[in-house]
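Have a look at the structure below, then the notes.
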Ligand code: ADP
């Protein structure tokens, strides 16, 4: 994986790539998925064949891209990286597919955002290892069927439920990534601190882990921010005081909720009286796409028992009011 740093986003991405575990044994947590993958991969290696196509689902930052790279490394092959939104036309995908080498891994991030024609091309490629390439233009155009060498698609999606059934069915295995518990995040942090060459005190690691929204990407990002704080305003030590002070500067609250989480929860409690309210209405209220609210904010809020999903819409729990320091609406009547 090559990373060229230029803009701020790229700098973050480069920092992230540097902290990526390279092998399955280094990958912290996700015992179930790790176990399942190990079986699939070792069986394929034993048979000397490319494994089935693999789908990874879960909220952002839980390790889907990392696992895709690891899958290629474990198979001893290379990985080609692209994503649903990056593929504008079916022809772009055809070009990628027809340049794959035998046994390669094709990582398709945000696969649920592939445009329809590309999706249909992908079905055929995944099932029959064939791709139709159109040669020429206008009435003289010709579709030439190309046979592809065996390869493995590793798809990633924030919600497996968003995938059309025919696409989902072409994956031989779906791994569902779960939020990490604080102890697992602490292990991620200790490993990252080692790679960054900084000394992270245990109490600081525990503090950061507890406020990382169950997400390694966030844990690593907060670690870098704590390091900044220690360097600029502290004495260089990554201790509990530095961790607390930095987390305060970056407005990470005690549960690790970020700005979007708090906006969603605040709107739900204050503007919609605790719900039930539909996802789209809620998304409009916070100025976000419904998909972002559903895939980025909601899973964590639900898991923390701050929000509930009912057939009639999203509802706030008493814990949400408590966390925001608001009075429960019908507290007087109960
Ligand atoms: P996703 O593709 O699901 O959005 P990534 O694979 O890009 O997430 O992971 C984000 C960052 O978190 C990576 O830089 C990686 O270093 C770190 N990370 C994710 N999962 C783990 C893990 N299980 N162990 C250690 N680090 C992890």
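General remarks:
- Positions within region 141-152 being in a strand (DSSP E or B), in contact (Cβ under 8 Å) with a residue 40 or more places away in the chain and surrounded by fewer than 20 Cβ atoms within 10 Å (Cβ to Cβ), in sequence order: 146
- Conditions (1) more than 12 Å from the ligand (Cβ to nearest atom); (2) closer than 24 Å to residue 29 by Cα; (3) surrounded by 12 or more Cβ atoms within 10 Å (Cβ to Cβ); (4) within 18 Å of the chain's Cα centre (by Cα); number of the one not met by residue 155: (1)
- Against the conditions (1) out of contact with any helix residue (DSSP H, G or I) (no Cβ under 6 Å at 6 or more places or on another chain); (2) at pLDDT 95 or above; (3) more than 10 Å from the ligand (Cβ to nearest atom); (4) closer than 27 Å to residue 147 by Cβ, residue 74 satisfies every one except (1).
- Residues in region 105-140 that are assigned to a loop (DSSP other than H, G, I, E, B) and touching a helix residue (DSSP H, G or I) at 6+ places or on another chain (Cβ under 8 Å): 110, 114, 115.
- Of all the numbered requirements in (1) in contact with a strand residue (DSSP E or B) (Cβ under 9 Å, 6 or more places away or on another chain); (2) at positive phi, residue 213 misses one, and that requirement is (1).
- Total residues in region 216-257 satisfying the condition of being within 18 Å of residue 16 (Cβ to Cβ) and out of contact with any helix residue (DSSP H, G or I) (no Cβ under 8 Å at 6 or more places or on another chain): the figure is 1.
- Taking the listed residues 67, 62, the one that is in a helix (DSSP H, G or I), within 7 Å of the ligand (Cβ to nearest atom) and surrounded by 23 or more Cβ atoms within 10 Å (Cβ to Cβ) is 67, with no other qualifying.
- Residue 292 fulfils the conditions (1) crowded, with 18+ Cβ neighbours inside 10 Å; (2) assigned to a helix (DSSP H, G or I) except for a single criterion, (1).
- For region 91-102, the count of residues that are farther than 30 Å from residue 143 by Cβ and either surrounded by 16 or more Cβ atoms within 10 Å (Cβ to Cβ) or within 13 Å of the ligand (Cβ to nearest atom) (or both) is zero.
- A residue that is within 20 Å of residue 129 (Cα to Cα), within 14 Å of the ligand (Cβ to nearest atom), without any contact (Cβ under 8 Å) to a residue 40 or more places away in the chain and assigned to a helix (DSSP H, G or I) can be found somewhere in region 79-87.
- Cβ-Cβ distances below 8 Å connect the following pairs, each with a first residue in region 56-68 that is over 17 Å from residue 40 (Cα atoms), a second residue that is in a helix (DSSP H, G or I) and more than 6 Å from the ligand (Cβ to nearest atom), and a separation of six or more residues or different chains: 59/295; 59/296; 59/299; 59/300; 60/295; 60/296; 61/218.
- Screening region 164-186 for residues that are touching a residue at least 60 places away in the same chain (Cβ under 8 Å) and away from the ligand (no atom under 15 Å from the Cβ) and picking the one that is farthest from residue 125 (Cα to Cα) gives 173.
- Whichever residue in region 160-180 is loosely packed, with under 15 Cβ neighbours inside 10 Å and over 17 Å from residue 36 (Cβ atoms) and, among such residues, is modelled with the highest pLDDT: 169
The values are calculated or read from the model by the stated rules, or taken from the named source; none is laboratory data. Being a predicted model, the structure only gives us computed values, none of them experimental. When we count neighbours, we look across all protein chains shown, and the Cβ atoms used for this are built from the backbone with ideal geometry, even at glycine.
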